[in-house]
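What follows is a set of notes on a single structure, which appears directly below.
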Amino acid sequence: TDNIRLLGTYAYTHSEYDDEDDNGNPLQFAGNSFRISPEHSFSLAADITIPAGERGDFSIVPSYVWKDHHYFEDDNGYDYAADGAGGFARVRESYPDGTFVEEEQDAYGVANLRLGFDSADDAWGVYVLGENIFDEEYLIDVGNTGGAFGLHTIIRGKPQMLKAGAYIKF
């Protein structure tokens, strides 16, 4: 209908290191996924307008974004060492204290909801926005720049948030 718009995206990514270089030599990360490359991801949204007569329009915009399991480093959470036979052996990467490095993110989804009102002449409007309304915990990246300084760095996804706003056009 004129009052409902449905939006969506889907992405499929098959990223994987080759087994050998152009000269036939085994590669260190053979078969591993590229960092921060989920195989599947999608988003869905609806933009719903509810006419309120001469005053303006109410709007409801629910959205959902989902990302598949992915790694934060090209080593996919393993240390590599020469195996003596011209190849590489994989061992689970760990910190000096023996705990394992968390270099992967399980699949996750984040839901958002925007409720608003826009004046009929679009001169002003107000809205409230709920981000990550189910408070999904997820990581955006791990171990990037801090490793050079011996620090464990973690970038967490946005927590559950509530925002409100208004606009005036003049």
Report summary line: Checked against (1) touching a residue at least 60 places away in the same chain (Cβ under 8 Å); (2) of a type outside the set (S, T, N, Q); (3) surrounded by fewer than 13 Cβ atoms within 10 Å (Cβ to Cβ), residue 20 satisfies every condition except (1)
Requested in this report: Determine which member of the set 136, 73, 102 is assigned to a loop (DSSP other than H, G, I, E, B) and modelled with pLDDT of 90 or more.
Outcome: 136
Requested in this report: Consider only pairs whose beta carbons are under 6 Å apart and that are at least six residues apart or on different chains; among these, list those whose first residue lies in the stretch 100-129 and is loosely packed, with under 15 Cβ neighbours inside 10 Å and whose second residue is modelled with pLDDT under 95 and of a type in the set (Gly, Ala, Ser).
Outcome: 100/94
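Please verify whether residue 114 is part of a strand (DSSP E or B), at pLDDT below 75, under 29 Å from the mean Cα position of the chain (by Cα) and not acidic (Asp, Glu), treating the condition exactly as stated.
Against the criterion (part of a strand (DSSP E or B), at pLDDT below 75, under 29 Å from the mean Cα position of the chain (by Cα) and not acidic (Asp, Glu)), residue 114 does not qualify.
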Report task. Scan (1) over 18 Å from residue 106 (Cβ atoms); (2) modelled with pLDDT under 90; (3) not polar (S, T, N, Q) for the single condition residue 62 breaks and write down its number. Result -> (2)
Requested in this report: Being touching a helix residue (DSSP H, G or I) at 6+ places or on another chain (Cβ under 9 Å) and among the hydrophobic types (A, V, I, L, M, F, W, C) is the filter; apply it to the stretch 139-162 and report the residue that is modelled with the lowest pLDDT.
Outcome: 151
Report summary line: Filtering the stretch 107-124 down to residues that are polar (S, T, N, Q) and within 30 Å of residue 72 (Cβ to Cβ) yields 112
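The values are calculated or read from the model by the stated rules, or taken from the named source; none is laboratory data. As the structure is a computational prediction, the values presented were derived from the model and not from experiment. Neighbour counts are summed over all protein chains in view; Cβ atoms, including those assigned to glycine, are modelled from backbone coordinates with ideal geometry.
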